[in-house]
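Structure record follows, encoded as structure tokens.
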Amino acid sequence: MMQTSDLPDTVAVFPLPGALLLPRSRLPLHIFEPRYLQMLEDALKTPQRLIGMVQPSPLPGRADALHSIGCAGRVTQFSETEDGRYLITLTGISRFRLLQEVDGFTPYRRAAVSWDGFERDLGREERDPGFDRDQFLDLLGRFFAARELNTDWDTLKQAEDELLINSLSMLLDFEPEDKQALLEAPSLETRRETLVTLIEFTMRGGSSEEILQ
């Protein structure tokens, strides 16, 4: 298990709208752009093999702006296709706060980061003592039915609290700003409450902008 002291002060950042990575969760990615192929190659040369996933946050006059909080993942699986693309899996290690971007000679972006305040991410799997699983699965069933989605309900019922909540947070089709709210939730309980709010609001036909106001 990694300690905060094992984490680097600078990480490569991969801005990808709507792609959410959470600690102890797995995110599959398809890497094909030359700059990100270089990023992967460089990451694999380091002991930690970390890539920082960050949501873009465009501002007036700054189309390349990023959110201040992201999550670093370790490359735990990768395979190369015949035409030179890579299919990789990132396993979430810890969230970080982006301090400033670092100039350099790499074609991809890098940033100085702080891991302070996210020590819990490096610990054991979180629990959610107030989680009413039956009520949550009932809501989820109505949401999936309204969206005409199918799932393996037996697997969902047996999943641990963190795996269930984090997997749904990552997989469900919410707006990037909603994904950021799920990422920044300080605990599993608050992430579950945010997730329930997003599901209920979506079922009522609301928009993410209304949630954020």
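Tabulated results
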item	result
Rg/Rh for segment 4-122, where both radii come from Cα atoms and Rh is the Kirkwood radius	0.94
Theoretical FRET efficiency, 1/(1+(r/R0)^6), r = Cβ-Cβ of Thr106 and Leu163, R0 41 Å, to 0.05	0.75
Mean residue ellipticity (222 nm) of the chain, computed from DSSP H runs ≥ 4 via -39,500 (n - 2.57), nearest 500	-10000 deg cm²/dmol
Efficiency of FRET from Cβ geometry, Val196 and Gln3, R₀ 45 Å, rounded to 0.05	0.85
Length-normalised contact order of segment 4-122 in % [C-alpha pairs under 8 Å, at least 6 apart]	32
Chain lengthening between Asp138 and His30 when straightened (0.36 nm per residue, less Cα-Cα)	35.5 nm
Taking only Cα atoms of segment 96-213, radius of gyration then Dmax in Å	16.9, 52
Cα-based helix-to-principal-axis angle, 133-147 vs the chain, degrees rounded to 10	80
Contour minus Cα-Cα distance for Arg124 and Leu44 (0.36 nm per residue)	26.3 nm
Helix 161-171 vs. the chain, principal-axis angle (Cα, 0 to 90°, nearest 10)	70
For segment 16-60, the Rg and Dmax computed from alpha carbons only, in angstrom	12.2, 38
When the convex hull of its Cα atoms is projected in every direction, mean area for the chain (nm²)	13.6
Residue order, fewest to most beta carbons within 10 Å, for Glu126, Glu82, Glu193	Glu82, Glu193, Glu126
Percentage, to the nearest whole number, of Cα pairs in segment 78-159 over 22 Å apart	62
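Every number in this text was worked out from the coordinates using simple rules, so none of it is lab data. Remember, predicted model here, so these are calculated numbers, not experimental data. Glycine gets a Cβ as well: all are built from the backbone with ideal geometry, and neighbour counts include every protein chain shown.
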